[in-house]
Structures are given as structure tokens and as C-alpha cells.
1. Are any of the residues in the range 104-117 closer than 30 Å to LEU185 by Cβ and assigned to a helix (DSSP H, G or I)?
2. Six or more apart or on different chains, Cβ under 7 Å: which pairs go from a residue in the range 72-95 that's within 20 Å of ALA24 (Cα to Cα) and free of Cβ contacts under 8 Å to residues at least 60 places away in the same chain to one that's of a type in the set (Phe, Trp, Tyr) and not in a strand (DSSP E or B)? Could you list them?
3. Return the only residue of MET123, MET150 being touching a Ser or Thr at 6+ places or on another chain (Cβ under 9 Å) and of a type in the set (A, V, I, L, M).
4. Select from the range 137-149 the residues that are crowded, with 18+ Cβ neighbours inside 10 Å and either assigned to a loop (DSSP other than H, G, I, E, B) or at pLDDT below 85 (or both) and list them in ascending order.
5. Looking only at the range 19-45, how many residues end up being surrounded by fewer than 17 Cβ atoms within 10 Å (Cβ to Cβ) and touching a residue at least 24 places away in the same chain (Cβ under 8 Å)?
6. Would the range 69-80 turn up any residue that is in a loop (DSSP other than H, G, I, E, B), small (Gly, Ala, Ser) and surrounded by fewer than 14 Cβ atoms within 10 Å (Cβ to Cβ)?
Amino acid sequence: MAVARTGILGGVFDPPHVGHVELARSAVSELGLGELLVLVVANPGHKVAATPAATRLELTRLAFEDVPQARVELDPHARTVDSLEERKPHDAVFILGADELASFESWKSPERVLELVRLAVAMRRGVSHAEVDSVRQRLNAGDRIVEFEMTPIPISSSEIRARVARGEGVDAVVPPRVAGAIARLGLYAAPE
């Protein structure tokens, strides 16, 4: 099911984890993407980042270096629509998890986002196709929202930060080079 040449995956990536990488790999494979632009949001408008943008950019580059289609860049925009307005991507899909689609209507200018790109929604256990169809109908999105399958990996960046703060290992949930950088830079450790 080829729907676009370019995929865009945005996030805070604080830190990037194996779930992010699996989402990227599944999107590339399932959607036949030739290029994947991974955008690290410098100053997220919806949450506070625990680490500086430059650090998160370094971690994200390490996380995605084994995904040949991926190009990692810093995104100065807090909101997706502003980033897309500046980039004006041609024939692109914006990749997100089905759980994130539930909040898509609360994003800044969701209708404009759908004019600029299609959404590629990774279906995960616990989110039904009916829920995606409901969002599609409310936004009158038609084929501007496509679905693809991925094997879910139940991990979150906040859970990883908590594990590190407790002194627990994270080797199983972040790519090896990311684990090495977290240890080398002393990231997410509990304050002494």
C-alpha cells in the first residue's frame, strides 16, 4: 500500500526508544516510504522536555542511524501545523500512533494539517478501526487518514526516565547507542 514518498515522524524523543524505531521501520515497510524525516521538536508546546534540544537531537540521531531512510533534524516549531506550513512537504504522510490520533482534533489547526499531509496511523492493540473511522468522519478526512499495522512495544519515554532515575537498566527498551549515551552523559539520573 504505497501512499506517499516521504514520511514525517515528529516528537520530543526524551529519550527516543525502541518503540519509536519500530514505528519508523513499520511505516517505511508498510507504506513503502523512500524517505523518513524524523523531527525532534526543540521546544514542545504540549510538554516540558527533561533534556536540552541538542541532547535529544544527538540521542535521536543515534536511535535512527540503522534506519537507512531516516534523516533526523531539529524542528524549531512547537506545533505540527507551523512546521508543515514552513516545509510545505510534497506527497508526505505524518506518522502517529493510533493512541495519538485520539487527541489529534485538539491539535492546532487539525484541518490544515490534513490539507498539508495525510496522516498515517499505526494501529495498535486497544484502538479499534471504528475509533479511527470516527475521527475520520468528524474531520471529513476521507482518504487523508490511512492506517498501517505495527507490532506495539509498550514503553514510553517517561517510563524510561523513571527507570534511569531508579538506577534500573534500560538496555532492552532503548537502542544500544542511546543507552550508551544516556550513561555517558549522566542523563535522567535522580538528583543526589
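1. no
2. VAL72/PHE64
3. MET150
4. The answer is ALA141, and nothing else.
5. Result for the range 19-45: 6.
6. Taking every residue of the range 69-80 in turn, none turns out to be in a loop (DSSP other than H, G, I, E, B), small (Gly, Ala, Ser) and surrounded by fewer than 14 Cβ atoms within 10 Å (Cβ to Cβ).
The values are calculated or read from the model by the stated rules, or taken from the named source; none is laboratory data. Given the structure is predicted, the values throughout are model-derived calculations rather than measurements. When we count neighbours, we look across all protein chains shown, and the Cβ atoms used for this are built from the backbone with ideal geometry, even at glycine.
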